[in-house]
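Here the structure is laid out as structure tokens; the discussion comes afterwards.
Each reported figure results from applying straightforward, stated rules to the coordinates on display, with no laboratory input. What you see is a predicted model; the values in this text were computed from it and never measured. Glycine gets a Cβ as well: all are built from the backbone with ideal geometry, and neighbour counts include every protein chain shown.
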Amino acid sequence: MPVDDARRPSDLRARLIATILRDGPIPVDRFMVACLSDPNEGYWQRPATIGARGDFITAPEISQVFGELIGLWCAVTWGLMGTPAPMRLIELGPGKGTLMADMQRTLAKAAPRLHAATQVHFVETSTPMREAQASAVAQLSAFPPIWHAALAEVDDGPSFVIANEFIDALPIRQFVFDGQAWRERLVGCTGAGELAFTLGPVRTDFQIGPARAGDVLELRPAQDDVLAQLAARTGPTMALFIDYGPAAHAFGDTLQAMRHHAYADVLAAPGTCDLTAHVQFASLAQTARSLGLAVDGPMTQAEFLGGLGLAVRTSRLMAANPRDAAAIELAAQRLVAPSGMGTLFKVLCVRTQGLPVPPPFG
Ligand code: SAH
């Protein structure tokens, strides 16, 4: 019988409270790491998190056209790079492996030379996700995929790096401006034994502004680590970061918990909800540039998929599957909806200096 985990007494919650009572309140990123990556009760240890029956849905799970278009992007971009071989196709946080499966199917049909020259690398920390990825791409890739815990583990050489909704899952730190100074937002514990947000001491080392009382600044140190690992690669590398968040810098508390496709209380049931926060594309781009990488975009997901031929691809798929035509069209529209994913999601290309600007950025 399924257990309602939200009501099951959580050892993780008890351990967090014990730690806080012993050592004091903890930063938000430490709380997120515990909730998402605890080896026993972390959210990413759960078997069914993504999809209609899980907690949230992502673009590759909505429409196969998403992965097909990114596969075609690789094919065209590989040509612009001078068709280097072997090629590494590295995916960060690949979830159920659906995006890679759709890409591989497309490459096998539309770009067999690239397909034959491609080694798939998955950067994934979750065991259930690794299992899902293995079955999703079985028989589809030219060589058996290789799994890694971090991008730095992937051997050097010409590479594509694809990250869809990966950065949003990396932990953030939050700082609140109280009108005079910045203070870190921490997770503490009330007298009644409940987890609650609190503020740390004034940060005299922070000179960020102009800011108004109540503004929240979110920093994501793990994002800088990923970019540093990308910059350290010596072979020509083309990376696509697809995620949700603003193009220009914005203050705000964007930490959110999702459970069964609805917003949940971030602190209520640690380890049972997906925790994410907006990706600040301006800082992603700025850090990449400061590390010597070239950056294109960000552009909206609607512009990106539209520029790669979403309409043509979708109508072909509809013609080949007339019975499912309405559902196929609806799914594709959802990816580019002006008041939804189409504009909330952005795409940033980060590449080795000197490589040509890839479509549809150029
Ligand atoms: N890209 C997928 C899944 C997004 S969910 C999709 O579009 O459907 C985030 C994914 O990142 C999950 O697979 C999760 O297990 C993985 N993940 C989260 N933190 C990670 C980390 N620090 N290193 C590697 N993978 C991570």
So for R0 = 35 Å, FRET eff. of Ala326-Arg130 from the Cβ-Cβ r, to 0.05, ends up at 0.50
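Quick one: Kirkwood hydrodynamic radius for the stretch 242-303, alpha-carbon pairs, angstrom, one decimal? Walk me through the intermediate numbers first.
On the way: mean 1/r = 0.0735 Å⁻¹.
With all distinct Cα pairs of the stretch 242-303 included, I get 13.6 Å.
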Rounded to two decimals, the Rg over Rh value of the stretch 235-362 from Cα coordinates and the Kirkwood Rh reads 1.05
Check: C-alpha center the stretch 61-97 vs C-alpha center the stretch 163-200, spacing in Å is 35
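Order these peptides, 186-198, 48-60, 275-287, by their mean beta-carbon neighbour count within 10 angstrom, highest first. Walk me through the numbers on the way to the answer.
Working: 186-198: 14.6, 48-60: 17.4, 275-287: 21.9.
Those peptides, ordered most packed to least, come out 275-287, 48-60, 186-198.
Within a 10 angstrom radius of the beta carbon, how do Val154, Val202 rank from fewest other beta carbons to most?
Numbers: Val154 19, Val202 13.
Ordered from fewest to most neighbouring Cβ atoms within 10 Å, Val154, Val202 come out as Val202, Val154.
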Projected onto their principal axes, the Cα atoms of the stretch 121-244 stretch, largest extent first, over whole-Å spans of 58, 38, 23
Ala319 and Ala282 label points (each 7 Å along its Cα→Cβ direction) are spaced in nm at 4.5
Dividing the surface of the Cα convex hull of the chain by four yields a projected area in nm² of 19.6
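Grab the Cα-Cα distance for Thr19 and Ala228, subtract it from 0.36 nm times how many residues apart they are, and report the gain in nm with one decimal.
Details: separation 209, 0.36 × 209 = 75.24 nm, distance 3.14 nm.
Stretched fully, the Thr19-Ala228 segment lengthens by 72.1 nm.
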Semi-axes in Å, largest first, for the stretch 3-77 (Cα gyration tensor, √(5λ)) are 36, 17, 8
The size of the Cβ-based charge dipole (Lys, Arg +1; Asp, Glu -1) of the chain about the Cα centre, to the nearest 20 debye, is 540
The simple spin-label model distance between Ala181 and Trp147, using points 7 Å out along Cα→Cβ, in nm, is 4.6
Using alpha carbon centers only, the stretch 268-317 is separated from the stretch 211-252 by a whole-angstrom value of 11
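What order do you get for 164-172, 266-274 when each peptide is scored by the mean count of other beta carbon atoms within 10 Å, highest first? Don't jump to the answer; show the numbers that get you there.
Values: 164-172: 23.7, 266-274: 21.6.
Ranking, from highest mean packing down: 164-172, 266-274.
Assuming R0 = 30 Å, what is the FRET efficiency of Ser339 and Ala48, from their Cβ-Cβ distance, to the nearest 0.05? Mind showing how you got there, number by number?
Numbers: r = 29 Å, r/R0 = 0.96.
According to the calculation, E is roughly 0.55.
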Percent of all Cα-Cα pairs per 5 Å bin for the stretch 1-141, counting from 0 up to the last occupied bin, reads 2, 9, 15, 17, 14, 11, 10, 8, 6, 4, 3, 1
